[in-house]
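Notes for the one structure printed next.
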Amino acid sequence: MEAEKKTVGACGPAAGARDSSLELLRIFAMLLVVASHLACHSMGDGWKLLEQPFSANQAWAIALGRWGNVGVELFIILSSYFMCGKRGIRSRKIFDLSFQTFTTCVVFFFFIRLTGLNMVGKKALLEEALELFTSQNYWYIPAYLAFYALVPFLQLLSSRRGASFRLVVVGTVLSLVFRFYSPWWTPLFGKVGYFAYLYFITAALKEAERDVAGVPGAAPISGAGASGGAESSSAGVAGGAESGGSASVRVSGPAVAPARSHFIARHAGLLCLASFVLLVFEACYSRYRILSGKGPFTLYIGDLLTILFEFSCFYCFRNLRPGHSRFVNAVAGTVFGVYLLHENFLWMSWKDHERFSILWDQLLSAGVWYESPFYPVYYLCAVLLVFAVCAAVELCLAFLRNLVLSRCGWLDRLCARIDAWYGVLWER
């Protein structure tokens with residue numbers, strides 16, 4: 001797979017380097033996902049963290065661990081940002097993700113069995129091998145692949161000027177309807193539909209960036225704002241760079257001077273903080289009322305606040321200027337592997353007729369630390385430790401996968417035909 005190069009002006013990073021601002025966002029998003037799994041999977045010795053009496057430590061767990069869906073949706077926003085305005089997709093990515101999921105699950109099965117951490121048999125191996133299709137554990141993967149296959153059609157729908165904004169309005173109305181009446185709103189269909197909704201919001205905001213910059217139809221240089229930062233090519237948790245591996249998009253000519261942007265981009269920090277505080281308040285106060293027998297508390301604009309938090313968070317990172325960091329970019333390339341390794345269903349086992357997490361309860365003693373005054377410190381350290389270990393394992397697995405996939409020239413030819421088929425859509 002031929003990697004595209006990148007050229008920027010003297011103010012930008014060296015040729016071939018990609019800015020690390022949105023790579024940092026990929027890492028941050030996966031940390032949110034890992035943190036949410038610590039909160040919802042801590043269930044050892046008959047207790048469940050989120051069902052305990054409300055306390056300061058539970059408030060910390062809610063504040064740090066309620067952002068799993070936000071992390072997932074940040075990956076969709078990242079993918080959408082680099083795919084909207086383009087034509088077609090890179091279908092090789094679908095095969096790469098499927099192969100990565102299959103091989104990681106099989107390797108993890110043998111790890112669990114050889115270490116004796118969980119008593120598993122041949123049925124578990126079959127379940128692992130079929131994980132991509134059953135959605136038993138990794139619901140995100142089939143939803144993302146279905147969304148990714150639909151992207152060329154979403155690109156067509158939003159290709160006309162102003163179409164993205166109109167589709168956002170339609171999507172908002174539909175989301176309100178399905179919120180109260182959802183007989184066909186299955187989890188997979190619902191997630192794919194919501195991912196498409198996020199795509200249209202991203203496309204509308206990106207179009208607004210071009211309009212404010214006064215260059216209709218011209219894609220801005222992203223990454224570290226518009227001041228010569230090289231465009232990051234990351235596409236979210238599932239699959240790395242849209243242009244192929246760690247490759248980047250060609251940006252010709254001199255660096256572009258900083259330009260004004262739309263409201264969310266200009267006030268991203270304030271909007272991110274305000275929506276964060278309101279969402280944490282809603283979650284903590286609602287949990288307190290439920291455990292007190294008073295019923296939940298709901299901000300009826302909570303969904304809109306979540307979307308505002310996600311996009312303001314995206315622009316907070318996009319406006320950073322960290323330059324090019326090979327370390328950050330390498331770590332960001334492991335996030336999908338981190339997801340596959342730490343969230344595998346074989347981490348779950350049974351003890352005295354109660355389900356518990358081998359990872360969080362047995363190895364990291366989440367229940368023991370829950371009563372400690374240092375629980376917030378434990379929480380952050382446990383999340384960082386799990387991320388770091390899984391990232392290191394993924395680097396090794398990626399090296400082995402690349403050795404195999406580099407010999408699959410037939411797969412490149414097949415994917416080229418599929419990409420050409422998608423290209424026909426634009427000729428009709």
Shape call for segment 315-383 from the C-alpha gyration tensor, a ≥ b ≥ c root eigenvalues: rounded (a/c under 1.5), prolate (a/b greater than b/c) or oblate? oblate
Just order 60-66, 158-164 by mean Cβ neighbour count inside 10 Å, highest at the front, would you? 60-66, 158-164
Let me check something: with ligands and nucleic acids excluded, how do 412, 361 order by accessible area (1.4 Å probe), largest to smallest? 412, 361
Coil-residue chymotrypsin sites (Phe, Trp or Tyr not before Pro) of segment 370-428, DSSP, other Cβ within 10 Å capped at 10: 374
With respect to the cross-link table entries 86/206; 48/122; 122/191, which display a Cα-Cα separation exceeding 22 Å? 48/122; 122/191
Show me 76-85, 265-274 ranked by packing, highest mean number of other Cβ atoms within 10 Å first. 76-85, 265-274
Mean Cβ count within 10 Å, highest first, over the residues of peptides 319-327, 112-120, 305-313: 305-313, 319-327, 112-120
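With all protein chains present and a 1.4 Å probe, how do 377, 383 order by accessible area, largest first?
377, 383
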Evaluated at q = 0.21 Å⁻¹: base-10 log I(q)/I(0), Debye formula over Cα of segment 254-402: -1.25
With all protein chains in place and a 1.4 Å probe, residue 371 shows an accessible area in Å² (nearest 10) of 140
Whole angstrom only: what separates the Cα centroid of segment 89-122 from the Cα centroid of segment 323-346? 15
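The values are calculated or read from the model by the stated rules, or taken from the named source; none is laboratory data. Quantities reported herein were computed from a predicted structural model and do not represent experimental measurements. Using ideal geometry, Cβ is built from the backbone for each residue, glycine included, and neighbour counts are taken over all protein chains shown. What goes into the accessible areas is simple: the full protein's heavy atoms, side chains included, and nothing from ligands, DNA or RNA. Shrake-Rupley method; radii C 1.70, N 1.55, O 1.52, S 1.80 Å.
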